[in-house]
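Only the coordinates and a few stated rules stand behind these numbers; no lab work does. Note that the coordinates shown come from a computational prediction; the quantities given were computed from them, not determined experimentally. Here Cβ is always computed from backbone atoms with ideal geometry, including for glycine, and neighbour counts include all displayed protein chains.
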Amino acid sequence: MPHHTPLVSTIVVGLVLAFAFGAVAHRLKASPLVGYLLAGVVIGPFTPGFVADQNIANELSEIGIILLMFGVGLQFSLHELLSVRAIAVPGALVQMAVATSLGVALSWLLGWSLATGLVFGAALSVASTVVVLRNLQDRRLLDTERGHIAVGWLIVEDLAMVLVLVFVPALADVTKGASFDLSAVALPLAITLGKFAAFMVLMWLVGRRVIPWLLHYVAHTGSRELFRLAVLAIALGVAYGAAMLFDVSFALGAFFAGMIMSESALSQRAAQETLPLRDAFAVLFFVSVGMLFNPAVVLSNPLALLATLLIVIVAKSGIAYVVMRLFRYSESTSLMIAASRAQIGEFSFILAALGVALGVLPELGRDLILAAALISILLTPFLFVAADWIYAHHEPSPKKPAAEAAPEPPVEMPTREPVPVTQLTDHVVLVGYGRVGSVVGAELKAANVPLLVFESDEDIVEPLRRQGIETVLGNAAAPELAAAANYAGARCLLVAVPDGFEGGQIVEQAHAINPKLAIIARSHSEEETEHLKRHGATKVIMGEQLIAHAMIADAREAGVKAQESAPPAAPASVTPPEPAAAT
Amino acid sequence: VTPHHTPLISTIVVALALAWALGAIAHRLKISPLVGYLLAGIAIGPFTPGYVADQGLANELAEIGVILLMFGVGLHFSLEDLLSVRAIAIPGAVVQIALATALGIGLALWLGWSLGAGIVFGLALSVASTVVLLRAMQERRLIETERGRIAVGWLIVEDLAMVLALVLLPALAPVLKGEGTTFVALALPVAITLAKVAAFVAVMLILGKRIIPWILHMMAHTGSRELFRLSVLVIALGAAYWSAELFGVSFALGAFFAGMILSESELSQRAAQETLPLRDAFAVLFFASVGMLFDPMIVVNAPLALIATVFIIVIGKSLAAFAIVRLFGHPSTTALTISASLAQIGEFSFILASLGVGLALLPKVGSDLILAGAIFSILLNPLLFAGLDRYLARTAAPDAAQAGSASREPIPKTALTDHVVLVGHGRVGGHIAPALDKASLLVIEDSSDETEKLRARGIEAIAGNAADPDVIAAANLPKARCLVVAVPDAFEGGQVVEQARKVNPSLRILARSHSEEETAHLLRHGATLVVMGEHEIAKAMLADIAAHAQPAVRPE
């Protein structure tokens, strides 16, 4: 094309490379995040080849932050937020204080001033919202108590950073020789706090009425497009308005917008509508972080970088662990929170950029922060694995009510560790313990049929195991897991997941292992039925057809005349047995 | 935390928020939301007071919108459909382009421009907007009808012609400007350009056809939903970007081919779903960015030229299309629908105009006229369709009038009493209807194609949304025996149930849901009984296991 297109090329090249590296990382059983970061390094200014536009990449990543925090808010209620304040507030404050003092100490060793040290330390003290959320999501921890603590902790840090950013210009004056004037800080600080309070009050009084009303109104127009647009406009609009008018961060504004929307009956649908956008922009966030990394700092200042990394990874997680244990949280929860604190992210970049612009922070300080950020984000997924490993190998006490406390050899890392093949034979394999699977599973359990369940949601797996149902955590389409199911000795396979395509893969794998296995699957359309049968399903149940039968049966009972030669309606009662196993 | 300047975020946020507000108002006034999006663009454009968005960024966001839209078109496009209408679409599009271009040249010469400017101007007026046409067709559910297929086929021929024009214009610019040039100096760039397009098509059909489905299939097999979603997006954007970079063809064509290749894969349906929210968001940004280009002063400065431009787009092109379609022996309903759908210009015209200005072929006024013409013709387009509906309602038989535009004309109340009202004739409703007595059944269904088929089978049907009070009134619910709400969306279903319960407190209302919450929602709004699909499936599965209860039983 004859015209210059920096935005299009940044998005396209960023996504394409992220996808390629992400797929390779997935193949190598690493987190795709690692691939996304490396893609950013490749298109960054410090490596040869294509260089993307840094400013545009930053803004794209901020959109990613907004959408991610909005999504978190949607899954969060105020009640849950308040329920974790007892640990989140002291935990975050202690951790930030200790990390900042370590940063000051390091900067003193490097010969920097106290003001520089404070900025440097503060930048190291705050974890990355996006990284923590992505890792929690990947591990489906967001809806657990541990997840709530982690998110509450993030929000306290977020609020603290908003205040820190007010202090930095005053610190800059100090370095220029002016004496530290508390009154010069007090006023902007008061204004910032006042603005934040005003934002909260506004959201509470006006937002809580207006946002659900808007959403409800748009839903009533019946236009799906306008509804989708409304969700997006609210998420982005509140975040942007919060930042522009009240100096609150984008992330906090979006979080509150989501939290208010979560009280509406439409929140589930709203979340679904923004998911593809959220994923795309979250990828761009990691790419833009990668772009900031200057590999030269690794060679020129290896010791300083190592010390920075020690503060970020070892010291911060150590403090978090100690604080958690002091508050009498379980080993597994403490380890998880500790693992989630061990990196720095977007706030650190903002702080570093501001510090350099005001002359408080030397360029080297920023480079150290950026390098530490990239490396610590790279390591975060591995730290979560390590936390699991430490727990599994050193504290196998079964009395702890944590998901990691599997009594048998641990299977909580299904894609990374070998999964033991089940001892069951002549058993029923049930894939998916959701709305369909839970009803089936409860009935089979009651009938004492040997049962093996595959489920990818940890919060469902845990209570199942406690009931004594053998359960494998993970996606049954993965070959290692398929091997663990002992399809050769199974009586039958029930595929109860709603997605016909995912079901097709599971069916295909099982059929390849045991062509004689009876496989019952479900579908939503004739095409899906075809697809499933082609891949080896013995019988496919189409939900829509059953609903039709149930409706016809009821209409006939009510005295509606039937057409001659009509197919007989299948008997279907409408109040099914309550799933006894569901919690 | 905003010590930093954020032009991209503010452009996206302000454009989306304003587009939504104005789009909702437009919807309320029963106009297409597109009009609201365009007005939002005008409001944040440089020619109106108040906030001004970044024009360069808005243009690029619009291009991403065009890529995703064309990818979606490709996903739904089938070569067979194009070939089945080629007899009318190819000559129709070619003749219409020639006529519109001739009219454009005439206007340009009258305005005192050069012949080259006239050709660019005329070409820009001759090509309809894919986005506008598809949106109009989707809104009216015409895509799957024969009329719709002809219109889409016609449009694809026009698009292909414009792609050729876009690639050939730079090569031909010296001649069009009247600068003398040798035949070789002219023929060489043209040949190179054509070779590039040929190479692009060959690469896409030979390599792309193998690689693209393979990538998608592999990603689907990783079981990672995120990677699958990313791969769809990457295929759409990557194909568009590199076909533009390497072969010089437009983003739109590259994305279209990528979509077309994907459409043959069984994963295409899922791929389309994954990109839908992104596509919608960026399509809105596309319309807003077009609105931003509009300088309202053109209305004051050159009113006559503007009227002539709009006249060519709306009247000139329509008459040409109408005449051609009638000549080919199609009924006048078809001819009028196609005329109305093509009576606007859009994204290709903007690209052509900016290229023309860039090559110093087209004066700035020309590009302003094209933009103003586009906005007015897009604004007028829904009115044209409304006029068409009214015209059809008046001339055609009363039965057909009912089918023509159910949501805008009064719907005749059904004569049935003691009947069953079935809302939705899709995957569930389609199974219910055959089992019930047709003489006492009334079906309410969104798709007018479905309702036509039902009527052909002797079942009374109303085309429209059952949440619409007019439709509810026409269903004679006070005298009905039973209402069956078979639509999958429980929220939409809840609205229908609520309305029906208000009309008839003792009516038997059956509805369906996907979860306990939805069941509660429907019961709260007045449903007598709610069937939850997941429970029915679970019961059926349990019944089937009973059949396999003995290990020896292995059904084949």
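Spatially, region B:15-51 and region A:269-322 are offset by 39 Å when compared through their Cα centroids. Using Cβ point charges alone (K and R +1, D and E -1), the dipole size of chain B about the Cα centre works out to roughly 740 debye.
Taking amide hydrogens as placed 1.01 Å from N in the peptide plane, the amide H of residue B:484 sits under 5 Å from those of B:421, B:422, B:423, B:510, each at least 5 positions away in sequence or on another chain. Calculated FRET efficiency, residue B:187 to residue B:246, Cβ-Cβ distance, R0 = 22 Å: about 0.45 to the nearest 0.05. The ratio of the alpha-carbon radius of gyration of region B:438-510 to the globular-protein estimate 2.2 N^0.38 Å is 1.05. Beyond 51 Å, the tail of the calculated P(r) for the protein assembly as shown holds 29 percent of the Cα pairs. Between helix A:316-326 and chain A there is an angle of about 70 degrees, using the helix long axis and the longest principal axis of the Cα atoms. Under the convention that each Lys and Arg Cβ holds +1 and each Asp and Glu Cβ holds -1, the size of the dipole of chain A around its Cα centre is about 460 debye.
Scalar couplings 3J(HN,Hα) for region A:462-479, obtained by applying the Karplus form with A = 6.51, B = -1.76, C = 1.60 to θ = phi - 60°, are 4, x, 5, 5, 5, 6, x, 8, 5, 9, 10, 8, x, 8, 5, 7, 6, x Hz; x denotes Gly and Pro. Between the C-alpha center of region A:418-458 and that of region A:71-141 there is a gap of 40 Å. The tail of the calculated P(r) for region A:180-286 beyond 21 Å holds 43 percent of all Cα-Cα pairs. Ranked for footprinting exposure by Cβ neighbours inside 10 Å, fewest first, B:440, A:334 give B:440, A:334. Axis of helix B:7-28 versus longest Cα principal axis of chain B: the two differ by about 60°, to the nearest ten degrees.
What's the angle, to the nearest 10 degrees (0 to 90), between helix B:225-247's Cα axis and the longest principal axis of chain B? Helix B:225-247 and the main axis of chain B meet at about 20 degrees.
Calculated mean residue ellipticity, 222 nm, chain B: -22000 deg cm²/dmol, from DSSP H runs (n ≥ 4) at -39500 (n - 2.57) each, averaged per residue and rounded to 500. Here the residues A:427, A:220, ranked from fewest to most Cβ neighbours within 10 Å of their Cβ, fall in the order A:220, A:427. Take each residue of peptide A:241-253, count the partner chain Cβ atoms within 10 Å of its Cβ, and average: the result is 2.
Let me know the volume per residue of the alpha-carbon convex hull for region A:242-302, in Å³.
Taking only Cα atoms, region A:242-302 has a hull volume of 133 Å³ per residue.
Near residue A:541, the amide H atoms lying under 5 Å from its own belong to A:521, A:522, A:523; only residues 5 or more places off or on other chains count, and H is placed 1.01 Å from N. Scanning residues 5 or more positions from residue A:345 or on other chains, those with amide H under 5 Å from its amide H are A:128, with H placed 1.01 Å from N in the peptide plane.
The residues A:391, A:329, A:217, when put in order of fewest to most other Cβ atoms within 10 Å, stand as A:217, A:329, A:391.
Taken over chain A, the convex hull of the Cα atoms encloses 200 Å³ per residue.
Put the Cα centre of region B:421-493 next to the Cα centre of region B:237-268 and the gap is 40 Å.
Simple point charges give the picture: +1 on the Cβ of Lys and Arg, -1 on the Cβ of Asp and Glu, and for region B:1-146 a dipole about the Cα centre of about 380 debye. Here region B:38-160 has an Rg and Dmax of 17.6, 51 Å, counting Cα atoms alone.
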